[in-house]
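First up is the structure itself, then whatever we jot down about it.
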Amino acid sequence: GKGEYDHYMLKEINNQPTSLANTIEGRIKDGDVAFESLPPGSFDDIDTVQFVACGTSYHAAMYGAQLVREAGLRTEVLRASEYESTSGPVDENTLVIAVTQSGETADTLDAVRKATECGARSLAVTNVVGSTAAREADDAIYIRAGPEVGVAATKTYSSQAVTLALLTQRIAADVPEGTPADDRGEMLEALEDLPKHVETVLETSRAEALARDVFGSKSYFFIGHGLGHSVALEGALKFKEITYEHAEGFAAGELKHGPLALVTEETPVFAVSTGSDSDSKTKTNAIEAQSRGAPIVAVGPDDQSLVDVADDHLSVPDTHPVWAGLLANVQLQLLSYYAARQLDRPIDKPRNLAKSVTVE
Ligand code: M6R
């Protein structure tokens, strides 16, 4: 049941320190990544990694794909429903990773079948043991988030992103062209603190008060660059899904190529940062929106110049930039939740949507 919480969504958001600890458990050994079913050498013959997914899982896949790219491998991240029209060449050296919480999403299953028909090797990253994706793929890795009841995916997104980050380091170590992150040790060490940092966000978040302030705007924009871009897209999806308000996520640099025409004092802009070099782009574009009257909310670590110019701030603890984006996302989950609550929406079961989409 929901226990002390009014909604499953809030329960699941608050469960993240525990679900993330489960995701990580036993998977970092002696400063290296260990996956039970995939020992070192498992990815020797892979030269391209394709991610296929839908919705929130697609945003987690974007996160994973950026890390794969940084590790020196060729990678593509494809919306499962557009697989045929967007996939590059596939052969037996391609690893297709299906990112699907339920393991039952028809579009995703279909994309993996198409890739494997072309000879690709398949791997399911899923929450559900024995799901169709897990059974059909050559291998499966479980994100171990525990059951998620709310239609809005929250804790499963965080566990997917962490699992994919770990998997990337495993693959990069195997593949000859792969270059595991220089600061891999630091990154893995910082990961062990992630559950604790999520706890801090949950305890200190000002999202509820902020949701009250921004209520009644015309539209809500979410922007970011690099890993922050995928978090911005996820923030906007969650917001529209449960508040029924219009929200859009953009790559920060794209704002000036069209969407800026919509920006007024009635379009708050949530600018996601991760504490990395990529934040400067987000800042420049946030200032452009601000000079058209938009209130700017910085979402990210304190120690960055975006915070100085922003009108408000949803703060996250200082950590490795790879994990800071996930903390920013927790702030955005809370923002959506409290905005939807204020609007009296049926948070756990938004209209027209199902937890698992088994039609194409
Ligand atoms: O079960 P899956 O991860 O394959 O589901 C994919 C999407 O349908 C899902 O993430 C959807 O976008 C969420 N309800 C968003 O919160």
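The values are calculated or read from the model by the stated rules, or taken from the named source; none is laboratory data. Everything quoted here is computed from the prediction, not taken from an experiment. Backbone-built Cβ (ideal geometry, glycine too); neighbour counts: all protein chains shown. For the accessible areas, the whole protein counts, side chains as well, though only heavy atoms, and no ligand, DNA or RNA atoms are used. Shrake-Rupley method; radii C 1.70, N 1.55, O 1.52, S 1.80 Å.
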Percent relative contact order of the chain, based on C-alpha pairs within less than 8 angstrom and at least six residues apart? 19
Everything considered on the Cα gyration tensor (a ≥ b ≥ c; rounded for a/c under 1.5, else prolate if a/b is larger than b/c, else oblate), the stretch 291-352 must be described as oblate
Name the residue, out of T154, T100, T179, whose mean-square fluctuation peaks in a Gaussian network model built on the chain with Cα pairs under 10 Å. T179
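Sorting D47, D138 by accessible area (1.4 Å probe), largest first, what list results? The partial results should precede the final answer.
Details: D47 50, D138 95 Å².
The most accessible residue leads, giving D138, D47.
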Between the alpha carbon centres of the stretch 6-28 and the stretch 182-218 the gap in Å comes to 13
Choice from L237, L194, L260 with maximal GNM fluctuation in the chain (Cα, 10 Å cutoff): L260
What ³J(HN,Hα) values, in whole Hz, does the Karplus curve 6.51 cos²θ - 1.76 cosθ + 1.60 give for the stretch 221-238 when θ = phi - 60°, with x put for Gly and Pro? 10, 10, 10, x, 10, x, 4, x, 5, 5, 5, 4, 4, 5, x, 5, 4, 4
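Which of rounded, prolate or oblate describes the stretch 80-171 when judged by the alpha-carbon gyration tensor and an a/c cut-off of 1.5?
Note, shape of the stretch 80-171 comes out prolate.
What do you get for trypsin sites (Lys or Arg not before Pro) in the stretch 90-196 restricted to DSSP loop and a cutoff of at most 15 other Cβ within 10 Å of the site's Cβ?
none
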Tilt, helix 279-290 to longest principal axis of the chain (alpha-carbon atoms), in degrees rounded to tens, equals 30
Show me, for the stretch 116-124, the HN-Hα J-couplings you get by feeding each phi into the Karplus relation (A = 6.51, B = -1.76, C = 1.60, θ = phi - 60°), rounded to Hz, glycine and proline as x. 6, 4, 8, x, 5, 8, 10, 9, 9
Going down the table (K29/K281; K114/K256; K2/K218; K2/K355; K114/K238), which pairs top 26 Å between alpha carbons? K29/K281; K114/K256; K2/K218; K114/K238
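Taking the solvent-accessible surface of protein heavy atoms with a 1.4 Å probe, what is the per residue accessible area of the chain in Å²?
Values: 14260 Å² over 360 residues.
Per residue, the chain has 40 Å² of solvent-accessible surface.
Counting DSSP beta bridges with both partners in the chain, what percentage is antiparallel, nearest 5?
5
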Residues of type aspartates and glutamates that K283 reaches as a straight line, Cα spacing below 15 Å, ignoring anything fewer than 8 places off in the same chain: E254, D302, D303, D308, D311, D312
Excluding same-chain residues fewer than 8 positions from K11, which aspartates and glutamates have a Cα within less than 16 Å of its Cα? E148, E199, E203, E208, D348
Please report, in whole Å³, the volume per residue of the convex hull around the C-alpha atoms of the stretch 90-132. 57
Taking a ≥ b ≥ c as the square roots of the Cα gyration tensor eigenvalues, with a/c under 1.5 meaning rounded and otherwise prolate when a/b beats b/c, else oblate, which class fits the stretch 277-319? oblate
If we count every other residue with Cβ under 15 angstrom of S85's Cβ, Lys/Arg +1 and Asp/Glu -1, where does the sum land? -4
Could you identify which residue out of G249, G228, G72 has the top mean-square fluctuation in a GNM of the chain using Cα springs shorter than 10 Å? G72
Less than 13 Å Cβ to Cβ from D107, Lys/Arg counted +1 and Asp/Glu -1: what total charge do the surrounding residues give? -2
For helix 155-174, what angle does its Cα long axis make with the longest principal axis of the chain, in degrees from 0 to 90 and rounded to 10? 40
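When DSSP assigns beta bridges and you keep just the ones with both residues in the stretch 1-129, what percent turn out antiparallel, to the nearest 5?
15
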Calculate for the chain the 222 nm mean residue ellipticity that helices alone would give, adding -39,500 (n - 2.57) per DSSP H run of length 4 or more and normalising by residue count, nearest 500 deg cm²/dmol. -13500 deg cm²/dmol
Unit charges at the beta carbon, dipole of the chain: most positive-side option, S122, Y244, S85: Y244
